[in-house]
Amino acid sequence: MALESINPYYLDMDHYWSALNAAWQHSNRNEIIAKWMEDKFESNVSRVLSERLGDNFCDQPLRVLGVGSGEGYQEIIQMKILKSNFSQISATVIEPSTEQIMKYQNTVAKSSDLGGVDYEWHNQTFQEYMESTGTAKHKYHFITIVHAIYGVGEVEESIKILHEFLEPGGMIFMIVVTGNEGFGKLWTHVPDLKRTSGTSEPATTSYTNSADVKSVLAKYRIAYTQYSYTESLNTTVCFTDSDTVVARLLLDNITIIKNFKESVPDDVFNQVLDFLKRNARVVKGDQGGDKFYLDTKSDILVISK
């Protein structure tokens, strides 16, 4: 089978969100991120941002940009916490999925504790937004991009543009997987996964990890603070019944390949399953039926200007 026919799953928004939702239902990612935000976002991000912007900032709204915002689960938590330091917030949301941005809008409309937050919605990709606005038209004090760097474009150029979007004193809040556990380790150890760009050349955007991002930040001497967390994905069904819809969606999410099982040669499929089993954290069942978990470490990078 020609690898040229394989495509990243995020090129099909409906399939992308089906795969991501399947992963969320089998992992603790949202809960882990929400707990970090509730415990540490105010002291490590919101308060620091307020101090960096200074006392003269109080007469204007905090301008926030969300990139790949999805249904807004993490961003709404951020907005509520930012309100403790900023009375007025002007939030711009970029999300290419019509369904997800509508869910976000509905949540905002029903929320009683987002007073003082004004939203501007852009149902488009980051590239489309960039082409329509440019870096000079809008500047932001805070940019949030949670597990969305993988699909925004070439990583070095994307980070440079995001940094140009920042006002002096502003901050970028980015979450991205590391390359030494879970997802990121898989992408490194099965190199054929990277040939998903429709050519014989490896795709360089889908499989970005935190080391790639930090390399760019070091190159341009951009300051950042790093935090980390580990999430767990229950991959048991991938071994017990890989033909089910759920298993197929989980494998698509893990590999970032649409219809992974049907699209790749058998040897690549077997390499991935072998990796998942060898790197699994096994939880023994009381009466058999072991559970397999893929633990993935992610870095939270708070980038400053």
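The values are calculated or read from the model by the stated rules, or taken from the named source; none is laboratory data. As the structure is a prediction and not an experimental result, all values here were calculated from the model. We place every Cβ from the backbone using ideal geometry, glycine too, and count neighbours over all the protein chains shown. Surface areas here come from the heavy atoms of the whole protein model, side chains and all, with no ligands, DNA or RNA. Shrake-Rupley method; radii C 1.70, N 1.55, O 1.52, S 1.80 Å.
Which condition number does Tyr150 fail, the rest of (1) at pLDDT below 90; (2) farther than 25 Å from Asn21 by Cα being met?
(2)
Out of Lys297, Lys305, Lys291, report the one residue that is open to solvent by 50 Å² or more (accessible area, probe 1.4 Å) and under 16 Å from Asn180 (Cβ atoms).
Lys297
Could you check the range 196-215 and list, in sequence order, the residues that are open to solvent by 10 Å² or more (accessible area, probe 1.4 Å) and at pLDDT 90 or above?
Within the range 196-215, the subset open to solvent by 10 Å² or more (accessible area, probe 1.4 Å) is 197-205, 207, 209, 211-212, 214-215.
Within the range 196-215, Asn209, Ala211, Asp212, Lys214, Ser215 qualify.
For the range 179-195, how many residues are open to solvent by 10 Å² or more (accessible area, probe 1.4 Å), at pLDDT 80 or above and part of a loop (DSSP other than H, G, I, E, B)?
Matching residues across the range 179-195 total 3.
If we keep just the residues of the range 89-106 that are at pLDDT 95 or above and polar (S, T, N, Q), which is least open to solvent (accessible area, probe 1.4 Å)?
Thr92
Can you find a residue that is among the charged types (D, E, K, R) and either closer than 27 Å to Thr235 by Cα or touching a residue at least 40 places away in the same chain (Cβ under 8 Å) (or both) anywhere in the range 85-96?
Of all residues in the range 85-96, those among the charged types (D, E, K, R) come to 95.
Those still in the list that are either closer than 27 Å to Thr235 by Cα or touching a residue at least 40 places away in the same chain (Cβ under 8 Å) (or both) too: none.
No, there is no match, as no residue in the range 85-96 is among the charged types (D, E, K, R) and either closer than 27 Å to Thr235 by Cα or touching a residue at least 40 places away in the same chain (Cβ under 8 Å) (or both).
Could you please tell me which pairs satisfy a Cβ distance under 8 Å, a separation of 6+ or placement on different chains, a first residue in the range 263-286 that is open to solvent by 70 Å² or more (accessible area, probe 1.4 Å), and a second residue that is outside any loop (DSSP other than H, G, I, E, B) and among the β-branched types (Val, Ile, Thr)?
none
Given the criterion open to solvent by 20 Å² or more (accessible area, probe 1.4 Å), touching a residue at least 12 places away in the same chain (Cβ under 8 Å) and closer than 23 Å to Asn21 by Cβ, identify the matching residue among Thr230, Thr244, Thr235.
Working: Thr244 fails: touching a residue at least 12 places away in the same chain (Cβ under 8 Å); Thr235 fails: open to solvent by 20 Å² or more (accessible area, probe 1.4 Å).
The unique qualifying residue is Thr230.
Can you confirm whether Ala19 is part of a helix (DSSP H, G or I), open to solvent by less than 10 Å² (accessible area, probe 1.4 Å) and either closer than 21 Å to Tyr229 by Cα or of a type in the set (S, T, N, Q) (or both)?
no
Could you look through the range 29-44, keep only residues that are of a type in the set (D, E, K, R) and more than 19 Å from the chain's Cα centre (by Cα), and pick out the one that is most open to solvent (accessible area, probe 1.4 Å)? Before the answer, list the steps.
So in the range 29-44, the residues of a type in the set (D, E, K, R) come out as 29, 31, 35, 38-40, 42.
Cutting the leftovers down to more than 19 Å from the chain's Cα centre (by Cα) gives us 39, 42.
On the way: Asp39: 87, Glu42: 52 Å².
By that ranking, first place goes to Asp39.
Among the residues in the range 81-88, are any within 26 Å of Thr296 (Cβ to Cβ), at pLDDT 95 or above and of a type outside the set (D, E, K, R)?
yes
The rows are residues; the columns are (1) assigned to a helix (DSSP H, G or I); (2) within 30 Å of Val268 (Cα to Cα); (3) open to solvent by 10 Å² or more (accessible area, probe 1.4 Å).
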site: Ser87; (1), (2), (3): no, no, yes
site: Ala109; (1), (2), (3): yes, no, yes
site: Glu128; (1), (2), (3): yes, no, yes
site: Ile143; (1), (2), (3): no, no, no
site: Glu167; (1), (2), (3): no, no, yes
